[in-house]
Amino acid sequence: MFYREAGQFKTTYAADMAVFPIRQDRIGLALILAVAFLVIPAFGGAFFIETMMIPFLVLSLAAIGLNLLTGYTGLLSLGSAGFMGVGAYACYKLDTYFPQVNILVWIVVSGLFSSAVGVLFGLPSLRIKGFYLVVATLAAQFFLEWAFARVPWLYNDNASGAIEVGTHTLFGVPVTGPNALPSTRYLVVLSLVTMLAWIASNITHGRIGRMWMAVRDMDIAAELIGIRLLPAKLLAFAVSSFYIGVAGALMVFLWFGSAEPEAFDINLSFQLLFIIIIGGLGSIVGAFFGAAVLHLLPIMLRAAPPLIGLRVQAATVEQLTDMLTGVLILAVLIVEPHGLAALWKTAKQKLRVWPFPY
Amino acid sequence: MKALKWALAAATALVCVAPALAEDSIYVPLFTYRTGPFGGSGTPIADGMHDYLNMLNERDGGIGGVKLVVDECETGYDTKKGLECYDSVKPKNPVLVNPWSTGITLALIPKASVDKIPILSMAYGLSAAARGDVFPWIFNPPVTYWDGASEILTYLGGGSIDGLKGKKVGYLYFDAAFGREALPFFQAEAKTAGFDLKLYPVAPADMQNQSAKWLDVRRDRPDFLVMYGWGAMNAAAIKEAVKANFPMDKFVSVWWPGDADASASGEGAKGFKELNWHGPGADYPAFADIKKLVIDPGKSQAQAGEFGSTLYDHGVYNSMLIAEAIAQAQKTTAKKVVTGEDVRRGFENLNLDPARLKAIGLEGFASPLKLTCADHNSHSATFVQEWDGAHWKKISAAIPSALDKVQPLIDAAAKSYAEKNAGWPTRSELCDNK
C-alpha cells in the first residue's frame with residue numbers, strides 16, 4: 001500500500017534506469033545510511049560497534065569482492081582469505097617503509113597489490129573453470145598462507161611471527177591501535193565500505209558488469225558477441241581481489257590490531273563463500289545479508305540464553321550456536337536457493353502489490 | 001534492509017541489558033576452548049582453572065572474603081572469537097584475562113595498558129613480555145619457550161648443553177609461530193655446543209599426518225628428539241614414534257602433551273618424557289579440597305580421569321596464579337574488592353615461597369615463584385617427568401634455565417617489539433619494588 005511507485009513518473013532515461021527507481025527505496029536507503037552514520041556511532045555500545053558492526057562491515061566488503069568474481073563472473077574461488085592476507089601484509093609492509101603516509105592511503109593502495117596477485121592466480125581461469133578453477137585458487141590460498149608464515153621479510157622478522165599494528169592518526173584522531181575509539185574505527189570502515197559498495201554497484205550495473213554476467217551465463221556466447229574473455233576474466237579477478245585486499249587490510253588494521261598467518265586460513269575463504277551463497281550470488285545487498293547471518297546471528301544466539309536467565313555452559317552455547325546456525329542456513333537455502341537477496345526481492349515484489357495481488 | 005534494521009535494534013537491546021554484577025565480588029573471566037580442533041587439550045585445562053577457583057569460593061568464600069564471579073567464554077582457540085570474548089567481558093570490569101591462545105594474546109597485548117586489564121599468559125604468548133619494564137600489563141610466568149629449550153638441552157646434555165657435543169639432536173616442531181620461536185635458540189646452541197641439529201617442521205595442516213617427517217627421523221637416526229607440539233600433533237607424534245621404534249627415553253617434549261596424548265599410544269609410549277614445572281598427580285591438600293568440594297558434589301565438568309592429569313594441573317596452576325595475584329593485590333592495596341590495576345601490582349609483588357605454597361595447600365606441587373616489576377616471568381627451573389604407561393613420574397631434579405643465553409634473546413625481542421610498534425608507551429605504571 002505504501003510501497004509502490006504509483007504516481008512516480010519518470011521524465012528522463014537516466015531516472016528510468018536508476019539503480020533504485022522507486023522513491024521509497026531511496027528513502028529507505030537514506031534512512032539506513034543515516035542510522036549507520038549518525039545513530040550507531042552516537043548511541044551504539046562499545047561491544048555492539050566493536051564486535052558486531054566492524055566485523056560485519058569488513059566481512060561484507062570481502063563478500064562484495066568475492067561476489068564480483070563468483071556471483072557476477074561465475075568464477076569460483078577459494079583463495080579469498082589468501083587475497084585478504086595479501087592486502088593486510090602489503091599494508092603492513094607499506095606502512096613500515098613509509099610510516100609518514102596516512103594509513104588510509106595504504107589501506108586503499110594495498111588493494112592494488114592484492115589485485116596484482118589476484119590477476120596472477122587468475123591466469124588459469126581462461127582455460128579452466130568450475131571445480132578446476134577452485135583447485136587453482138586453492139593453490140593460491142595454500143601458497144599465500146605458506147608465504148605469510150615462512151617469509152620473515154613479510155612480518156619484519158618478528159619473533160612472534162605475527163604482524164602488529166601501531167597507532168595511526170587521521171586529522172589528529174587515532175584510527176588504529178588500542179587508543180582508537182571503536183566509533184572512530186567504525187566510521188572509517190563504514191565510509192570505506194559505503195564508498196566501495198557504491199562503486200561496486202555502479203560497476204555491476206554498467207558495461208563491465210554486463211560483460212561479466214555474459215561471461216558467467218555462457219562464455220562461448222559472450223565470446224561470439226565480441227567480449228574478449230581473457231581481459232574480462234582478469235578484470236574480474238583484479239577488481240574482486242582489490243575489494244578483498246582492502247577488506248583484509250581493514251580486518252587487521254581496524255579490527256584485529258594484529259594478525260598471525262592463521263587468521264587467513266582456508267576457513268575464512270569458506271566463510272566468505274558461505275556468506276555469498278546464503279546472501280545471494282550476484283547481488284551487492286546479498287553480501288550484507290550473508291555477513292549478517294554468518295557473523296551477527298551467532299553473536300545474538302550466544303547472548304540469548306543469559307538474557308532469558310538460563311545458565312548454560314559456554315561450550316554448550318557454542319555448540320548450540322553452531323548447530324542452530326547450520327540449521328538456519330539449511331532452512332534458508334531450502335526456502336530460497338538463491339539466497340536472502342532473492343528472498344528480499346520477492347518480498348519487495350509482493351509488498352508492491354499488497355494488499356491486492358491481482 | 002528492514003530486517004537488518006530490526007536485527008540491529010534487537011542487538012542493541014541485547015547489549016544494553018548486560019547483567020549488572022554485585023558490588024562486592026571480583027569478576028574473573030576464563031577464556032577457554034572446549035570446542036574446535038584443539039578442544040581435546042583445552043577441556044582439561046578449562047576444568048582445572050574452573051575447579052580451583054570454584055573450590056576457593058566453596059571453601060573460603062572467595063579470596064579475602066570477597067566472592068569470585070567466575071565466567072567462562074568459549075574461544076574455540078580462534079582469535080576472532082577471543083576478541084569477541086574480550087569485548088564482551090570488558091564492561092564487567094575483569095581483574096585480568098587469560099587468553100589461552102598465542103594469537104589472542106598478541107591481539108590483546110596493545111589493549112592491556114589502555115583498558116587497564118592485566119593479561120596472564122602462563123608459559124605461552126609473547127616471550128618478550130617477560131620484560132616488565134616494556135610490558136607492564138603482561139605476565140607470562142613461570143617459564144618461556146626459550147627457557148624450556150635451554151632446559152631440555154641441559155637435561156639431554158647431562159647437566160650442561162656442552163654435553164651434547166658431537167651428538168645428533170632432532171627438533172620436531174609445530175611449524176607456526178609457537179614452534180619457530182625456539183628455533184633460533186636451538187640453531188645458536190648447535191653452533192656453540194657443537195651438536196648436529198636436524199629440523200622436522202610439522203605444518204599445522206599435517207598435524208595428524210606426520211609420516212613423511214618420521215621417514216626423515218628414521219633416516220637421520222637422531223640421538224635425541226625434542227618436540228614442541230600442540231593439540232593433535234602431540235598424540236600423533238607419540239604414535240609415530242612408537243611405530244618407528246624410536247627409543248622413547250630419547251624423546252623429550254616441552255610442557256604441552258597431556259595424559260591422553262601419551263595414553264593413546266598404549267604401552268609403547270612408556271618412557272616418553274616432558275618438561276613440567278608443577279608436580280604430577282593430585283596428591284596435594286588443595287587438590288583434596290577440589291575433590292571434596294567441587295568434583296564430588298558434581299559441580300565440575302571434569303570427566304573421570306581428568307583430575308590430576310598434566311593439563312588439568314596446568315589449569316589449576318593457572319588459577320592458583322590468578323588467586324595469588326588477587327590475594328597479593330588485596331594485601332598490597334589493603335582493599336577488599338580489587339581492580340585490574342591492583343591485580344597488576346599484585347602480580348608484580350607475587351612471592352610464592354615454600355611457606356606460602358604450604359599455606360595454600362600446594363606444598364611440593366610447584367617450585368617457588370617470585371615476580372618483580374622488571375621480571376614478569378621468573379624463568380623458573382623445570383623438571384622432567386616420564387610416562388610410565390598410566391601416570392607421569394618426576395624423574396629429574398630441578399633444571400635451571402640458561403638465563404645468560406635466554407635473557408639476550410628476550411631483551412632483543414622486547415626492544416624490537418617496542419621499536420616496530422611506533423608509539424609504544426614507556427612504562428609509567430607504579431612499581432612497588434624498585
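The values are calculated or read from the model by the stated rules, or taken from the named source; none is laboratory data. Owing to the predicted nature of the structure, the values given are computational and were not obtained by experimental measurement. Every residue, glycine as well, gets a Cβ built from its backbone with ideal geometry; the counts of neighbours run over all protein chains shown. Remember, those area values only see protein heavy atoms, side chains included, never the ligands or the DNA or RNA. Shrake-Rupley method; radii C 1.70, N 1.55, O 1.52, S 1.80 Å.
A straight Cα-to-Cα reach below 14 Å connects B:Lys165 with the aspartates and glutamates B:Glu189, B:Asp196, B:Asp223, residues fewer than 8 places away in its own chain not being considered.
Counting only Cβ charges, +1 for Lys and Arg and -1 for Asp and Glu, the dipole size of segment A:125-225 around its Cα centre is about 240 debye. Projecting the Cα atoms of A:Gly280, A:Met300, A:Ala180 onto the charge dipole of chain A (Cβ charges, centred on the Cα centre) puts A:Gly280 farthest toward the positive pole. Straight-line cross-link reach from B:Lys420 at under 20 Å between alpha-carbon atoms covers these lysines, not counting any fewer than eight positions away in the same chain: A:Lys93, B:Lys111.
Percent of accessible area on segment B:76-178 owned by carbon and sulfur, 1.4 Å probe?
Working: 1040 of 2180 Å².
That share works out to 48 percent.
Nearest 100 Å² is fine: what is the total accessible surface buried where chains A and B meet, probe 1.4 Å? Walk me through the numbers before you get to the answer.
Numbers: alone 18400 and 17750 Å², together 31950 Å².
The summed interface area works out to 4200 Å².
Which one of B:Thr154, B:Thr382, B:Thr332 has the biggest mean-square fluctuation once chain B is modelled by GNM with Cα springs under 10 Å? Highest fluctuation of the listed residues: B:Thr332. Per-residue mean of foreign Cβ neighbours for A:177-190 is 2 (Cβ atoms of other chains, 10 Å radius). Within chain B, the whole DSSP H helices whose Cα atoms reach 18 Å or more along their own axis and whose mean Kyte-Doolittle score is at least -1.0 are B:2-16, B:39-60, B:102-115, B:310-333, B:403-420. Membrane-span-like helices in chain A (whole DSSP H runs, Cα extent of at least 30 Å along the helix axis, mean Kyte-Doolittle hydropathy of at least 0.0): A:182-205, A:229-250, A:314-335. Estimated purely from DSSP H runs of n ≥ 4, each contributing -39500 (n - 2.57), the mean residue ellipticity at 222 nm for chain B is -13000 deg cm²/dmol once divided by its residues.
If I compute solvent accessible area with a 1.4 Å probe over the protein chains, what percent of it on segment B:316-434 is carbon and sulfur? List each step's numbers first, then the result.
Values: 2970 of 5170 Å².
C and S fraction of accessible area: 57 percent.
Taking every protein chain into account, the 1.4 Å probe leaves B:Asp78 with about 60 Å² of accessible area, to the nearest ten.
FRET efficiency for A:Phe9 and A:Val39, Cβ-Cβ distance as r, R0 = 30 Å, nearest 0.05?
Working: r = 33 Å, r/R0 = 1.10.
Efficiency at R0 = 30 Å is approximately 0.35.
These residues, B:Thr102, A:Thr346, go from largest to smallest accessible area, 1.4 Å probe, as A:Thr346, B:Thr102.
If R₀ is 60 angstrom, what is the calculated FRET efficiency for the pair A:Ile225 and A:Val151, using the beta carbon separation as r and rounding to 0.05? Please list the in-between numbers first.
Details: r = 44 Å, r/R0 = 0.73.
E between A:Ile225 and A:Val151, to the nearest 0.05, is 0.85.
What separates the Cα centres of segment A:103-164 and segment B:226-304 is a distance of 39 Å.
Express the Stokes-Einstein translational diffusion coefficient of the protein assembly as shown in µm² s⁻¹, to the nearest whole number, given a Kirkwood radius over alpha-carbon pairs, 25 °C and a viscosity of 0.890 mPa s.
Details: Rh = 28.1 Å.
D = 87 µm²/s.
Pairs of Cα atoms in chain B fall into 10 Å distance bins, from 0 up to the last occupied one, in shares of 4, 21, 32, 26, 12, 4, 1, 0 percent. Between A:Lys345, A:Lys129, A:Lys233, the GNM of chain A built on Cα springs shorter than 10 angstrom shows A:Lys345 fluctuating the most. Model label sites at B:Ala288 and A:Asp217, defined 7 Å from Cα along the beta-carbon direction, differ in position by 8.1 nm. What segment A:1-63 shows is 54 Å² of accessible area per residue, with the surface traced by a 1.4 Å probe over protein heavy atoms.
With the simple model of a label 7 Å out from the Cα in the direction of the Cβ, B:Leu199 to A:Lys348 spans 5.5 nm.
Accessible surface for B:Asp289 stands near 30 Å², nearest 10, in the context of the full protein assembly shown (1.4 Å probe). Of all lysines in the structure, the ones whose alpha carbon falls short of 29 Å from that of B:Lys291, not counting any fewer than 8 places away in one chain, are B:Lys67, B:Lys270, B:Lys273, B:Lys299, B:Lys331, B:Lys336, B:Lys358, B:Lys370, B:Lys393, B:Lys394. Could you tell me how far the Cα centroid of segment B:363-434 sits from the Cα centroid of segment B:161-177, in Å? A separation of 21 Å, based on Cα centres.
With every protein chain left in place, what is the accessible area per residue of chain B in square angstrom, probe 1.4 Å?
Values: 15620 Å² over 434 residues.
Computed with neighbouring chains in place, this is 36 Å² per residue.
Largest mean-square fluctuation among A:Pro298, A:Pro55, A:Pro21, in a Gaussian network model of chain A whose springs join Cα atoms under 10 Å apart, belongs to A:Pro21. The charge dipole of chain B, taken about its Cα centre with unit charges on the Cβ of Lys, Arg, Asp and Glu (plus for the first two, minus for the last two), comes to roughly 620 debye.
Considering only alpha-carbon pairs that sit under 8 angstrom and 6 or more positions apart, the relative contact order computed for chain A is 29 percent.
To the nearest 500 deg cm²/dmol, what mean residue ellipticity at 222 nm is calculated for chain A from DSSP H runs of n ≥ 4 alone, each contributing -39,500 (n - 2.57), summed and divided by the residues? Each step should come with its number before you reach the end.
Numbers: 16 runs with 224 residues, N = 358.
That calculation yields -20000 deg cm²/dmol at 222 nm.
Scan chain B and report its longest stretch carrying no GluC sites (Glu not before Pro) that are both in a DSSP loop and have at most 16 other Cβ atoms within 10 Å.
Values: sites that count: B:Glu23, B:Glu363, B:Glu429.
Free of exposed loop sites, the longest segment is B:24-362.
Could you calculate the contour length gain from B:Lys243 to B:Lys358, that is, 0.36 nm times the residue separation minus the distance between their Cα atoms, to one decimal place in nm?
Numbers: separation 115, 0.36 × 115 = 41.40 nm, distance 4.33 nm.
Contour length minus the Cα-Cα distance gives 37.1 nm.
Relative to the Cα centre, the charge distribution of segment B:195-252, modelled as +1 at Lys and Arg Cβ and -1 at Asp and Glu Cβ, gives a dipole magnitude of about 140 debye.
Segment A:206-228 and segment A:246-312 have Cα centres separated by 32 Å.
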